[in-house]
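The values are calculated or read from the model by the stated rules, or taken from the named source; none is laboratory data. None of the values given here were measured: they were computed from a predicted structure. Because the Cβ atoms are built from the backbone with ideal geometry, glycine has one as well, and the counts that use them run over all protein chains shown. To get the accessible areas, we keep the full protein, side chains included, count just its heavy atoms, and leave off ligands, DNA and RNA. Shrake-Rupley method; radii C 1.70, N 1.55, O 1.52, S 1.80 Å.
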Amino acid sequence: MDCLFCKIANGEIPSTKVYEDDLVYAFRDIEPQAPVHVLIIPKKHITSVNDINHENCSIVGHIFKVAAQIAKSEGIAEDGYRIVTNIGDLAGQTVKHLHYHMLGGRSLQWPPG
Ligand code: AMP
Ligand code: ZN
């Protein structure tokens, strides 16, 4: 499958790894929007939240468990941070492989644009 994040997860395309296990890969966003901007993805291809179902939904809990660990290791857990996932074109999803943005290290505006 011609998917950028599948290729990043399997090492075909280089990235700056933050965390990896059998199920999840986390790496630094190439165009960081905050001092900490990490992308957390399932290694198995899921297009977006729209494709989460009974069979694959356990990965979401695992991703958030990993996110909590990364927030601590990045030093943003106490000050606060945001986790966001864009779904589809109106939300600005440019890579059609489920990914959670972790943004921190600065004050974040609400609502997002
Ligand atoms: P989204 O717009 O929500 O689909 O987010 C895709 C994110 O992937 C953007 O923040 C991009 O900067 C980031 N991105 C695109 N290509 C790469 C890459 N090769 N390595 C790391 N991050 C990337
Ligand atoms: Zn993929």
Residues (touching a Leu at 6+ places or on another chain (Cβ under 8 Å) and within 17 Å of ILE63 (Cα to Cα)) located in the range 14-35
ALA26, PHE27, ARG28, ASP29
Which residue is farthest from ligand 2 (Cβ to nearest atom), if the candidates are limited to the range 1-32 and must be among the aliphatic types (A, V, I, L, M) and under 17 Å from VAL66 (Cα atoms)?
VAL18
Name the one entry in ILE76, ILE70 that is part of a helix (DSSP H, G or I), touching a residue at least 24 places away in the same chain (Cβ under 8 Å) and surrounded by 15 or more Cβ atoms within 10 Å (Cβ to Cβ).
ILE70
Which one is farthest from GLU31 (Cα to Cα) among residues in the range 1-19 that are open to solvent by 80 Å² or more (accessible area, probe 1.4 Å) and away from ligand 1 (no atom under 12 Å from the Cβ)?
MET1
The range 30-54, residues that are among the acidic types (Asp, Glu) and open to solvent by less than 60 Å² (accessible area, probe 1.4 Å):
none
